[in-house]
Amino acid sequence: MAIEKEVILQLKNIEQSYVVDNSVKQAVKDVSFNVYKNEFLVILGPGHCGKSVLLNIISGLESAQKGQVYLGAEPLAGVDRRISLVFQRLALLPWMTVIDNVAFGLRMAGIAKAERRKIAQKYINLVGLQGFEKSYPSQLSGGMKQRVGIARAYAVNPEILLMDEPFGQLDAQTRYAMQEEILRIWQQEKKTVIFVTNNIEEAVYLGDRIILLSSCPAHVKAEYEIQMEKPRNTVDPEFLRIRKEISDNTDLAL
Amino acid sequence: MNVQKQNHSSEQQEQILKDQKKQRKASYQNLMLSVSSILLFFFIWEMVALLKLVPEHYLAPPEAIFRLLIIKIHDPNPDGAVLTVNILSSLQISFTGFIAAILIGVPLGWLMGWYRVVDSVVNPIFDIVRPIPPVAWIPLTIVWMGVGLKAKATIVFLSAFIPCVINSYTGIRQTNPVLIHVGKTCGASDFTIFWKIGIPSAMTMTFTGIKLAIGNAWSTLVAAEMLAASSGLGYMILQGRNFGRTDIVMLGVLAIGIIGTIIITLFSHLENVVLRWKRK
């Protein structure tokens with residue numbers, strides 16, 4: 001697979017710590033890596049340490065104590081519309097219908113109603129939710145809700161999509177189905193995706209590249225480039241070999 | 001894998017119809033139970049009165065009160081106003097105070113819950129006012145505003161204002177932080193997040209506050225009217241007592257209960273419309 005190696009996002013020596021119960025706890029320690037245009041990058045890390053912090057920094061919700069994030073050539077300053085998020089927990093606005101949820105980002109960007117309806121409809125179709133435009137989130141299943149979240153993130157036409165353990169709350173069956181879905185969507189609408197997970201199999205199934213983080217404080221422990229054709233067969237010997245290699249190298253999360 | 005709305009087969013449709021029928025039957029049975037409970041209540045009351053277990057001037061039988069209701073519609077005796085005038089007078093006062101309480105209390109609660117500065121400024125005063133029973137203000141309001149609509153509406157306002165503030169405050173405080181992040185990453189300003197995410201999140205609690213406020217407004221109104229008024233349901237009750245007419249008192253009490261129930265029911269319907277997204 002010929003990926004044009006154009007750097008779209010760059011993390012340089014990111015460090016972040018917090019004060020917890022009167023002692024300083026370091027969450028992220030000297031993390032640097034590049035993200036290339038249109039790749040599917042997986043950030044894999046054990047437990048709950050550092051990954052979400054790192055994502056908050058990339059999304060501009062938090063600023064790093066040390067280091068800098070560059071979007072293209074310029075340093076990232078706060079929240080940027082070119083980066084869009086799919087959240088860990090189901091983060092839909094419960095009082096809005098599916099189509100209004102998908103159009104929410106567009107509305108915040110000040111796009112006229114007719115236009116944003118048109119765009120929202122396109123992405124509702126992309127995630128396979130046609131017929132549910134007027135439903136409220138409480139009427140949808142977990143997998144369908146997360147599809148709405150994905151459509152909302154895509155609708156604002158960002159350069160980078162950040163996905164923070166988007167399938168963590170789903171049951172195993174739905175999770176497999178959604179992994180296939182996210183690949184299909186990614187192949188249909190080429191975007192750079194940064195996908196955070198703690199699930200090794202999910203990482204190997206989805207990633208062009210995997211950045212393995214250590215346990216607390218998080219730093220880059222290893223990087224894997226996976227050349228296998230997608231969609232991947234999860235019982236292929238090569239798949240299992242990579243999975244074992246990463247697994248052996250992963251810190252135990254207690 | 002595309003998710004499509006299911007087309008029900010005829011067999012499924014039949015099952016659905018059957019289930020709906022069952023549900024309708026169950027809700028009909030519940031309705032009948034409620035109706036019988038009210039009828040039983042009146043029956044026991046009537047029996048107690050008929051068998052003279054209690055002297056008639058202590059407890060009038062229901063049918064006497066019903067007759068009185070018909071008479072009171074056109075006869076202003078003994079309290080000086082017909083029933084409809086009393087009801088309208090009470091409604092006017094309670095709605096004036098109650099609507100003012102919503103218009104001021106609800107936005108104030110939202111602002112206090114969202115903006116720290118507002119909270120710091122208002123909260124100390126609010127904390128002192130909160131435990132004061134509304135009726136304690138009656139002497140002062142009479143001195144300041146006389147015994148007219150303004151004075152009584154103020155008392156009603158004070159009683160309804162407090163649950164409006166507390167509940168809308170708590171409601172907006174409970175806004176899901178993930179939804180706030182959604183707003184931020186979409187590039188919304190803090191005020192837009194307050195308006196588009198905070199307030200809708202607070203709506204459920206706000207409605208609870210408003211419903212509590214209705215109850216408070218209605219009960220405080222009667223207390224206010226019993227102390228200073230020239231018409232109204234509370235005044236009618238007071239006059240009934242002065243004339244030793246328990247039937248007038250009972251009629252007033254029942255009218256208050258029934259009208260209060262109607263208002264609360266209407267409000268619950270409004271709540272269902274506004275919060276229709278909660279329905280599963």
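The values are calculated or read from the model by the stated rules, or taken from the named source; none is laboratory data. Keep in mind it's a predicted model, so treat the numbers as computed, not measured. Here Cβ is always computed from backbone atoms with ideal geometry, including for glycine, and neighbour counts include all displayed protein chains.
Would you point out which residue out of B:Gly215, B:Gly232, B:Gly244 is buried (at least 17 other Cβ atoms within 10 Å of the Cβ) and either at pLDDT 90 or above or away from every other protein chain (no Cβ under 14 Å) (or both)?
B:Gly232
Here's a check for you: in the range A:49-60, which residue that is within 15 Å of the chain's Cα centre (by Cα) and in a loop (DSSP other than H, G, I, E, B) is nearest to the other protein chains (Cβ to nearest Cβ)?
Filtering the range A:49-60 for residues that are within 15 Å of the chain's Cα centre (by Cα) and in a loop (DSSP other than H, G, I, E, B), the one nearest to the other protein chains (Cβ to nearest Cβ) comes out as A:Gly60.
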Counting only residues in the range A:66-100 that are part of a loop (DSSP other than H, G, I, E, B) and more than 29 Å from A:Gln130 (Cα to Cα), the one nearest to the other protein chains (Cβ to nearest Cβ) is identified as A:Val79
Which residue out of B:Gly171, B:Gly183, B:Gly187 is within 12 Å of another protein chain (Cβ to nearest Cβ) and part of a helix (DSSP H, G or I)? B:Gly183
Among the residues that make up the range A:119-126, is at least one of them facing chain B (nearest Cβ under 7 Å) and surrounded by fewer than 18 Cβ atoms within 10 Å (Cβ to Cβ)? no
Can you pull out the helices (runs of 4 or more DSSP H) entirely within the range B:59-162 that have at least 2 residues that are farther than 29 Å from B:Leu39 by Cα, free of Cβ contacts under 8 Å to residues at least 24 places away in the same chain and of a type in the set (Val, Ile, Thr)? B:116-129, B:138-145
Look through the range A:128-143, keep the residues that are touching a Ser or Thr at 6+ places or on another chain (Cβ under 7 Å) and either in a helix (DSSP H, G or I) or within 22 Å of A:Gln173 (Cα to Cα) (or both), and return whichever of them is farthest from the other protein chains (Cβ to nearest Cβ). A:Gly142
For B:Leu266, state whether it is away from every other protein chain (no Cβ under 14 Å) and surrounded by fewer than 21 Cβ atoms within 10 Å (Cβ to Cβ). yes
Quick one: would you say B:Arg130 is under 25 Å from the mean Cα position of the chain (by Cα), under 30 Å from A:Asn101 (Cα atoms) and of a type in the set (D, E, K, R)? no
Those residues that are over 12 Å from A:Ile57 (Cβ atoms) and among the hydrophobic types (A, V, I, L, M, F, W, C), I need them from the range A:6-25; list them, please. A:Val7, A:Ile8, A:Val19, A:Val20, A:Val24
Note: among A:Ala109, A:Ala177, A:Ala114, A:Ala172, just one is touching a Cys at 6+ places or on another chain (Cβ under 8 Å) and surrounded by fewer than 22 Cβ atoms within 10 Å (Cβ to Cβ), namely A:Ala109
Which members of the range B:47-73 meet the condition of being surrounded by fewer than 17 Cβ atoms within 10 Å (Cβ to Cβ) and under 15 Å from B:Met236 (Cβ atoms)? B:Leu69, B:Ile71, B:Ile73
Just checking, which of A:Ile211, A:Ile242 is among the aliphatic types (A, V, I, L, M), over 30 Å from A:Asn125 (Cβ atoms), out of contact with any Gly (no Cβ under 9 Å at 6 or more places or on another chain) and crowded, with 18+ Cβ neighbours inside 10 Å? A:Ile242
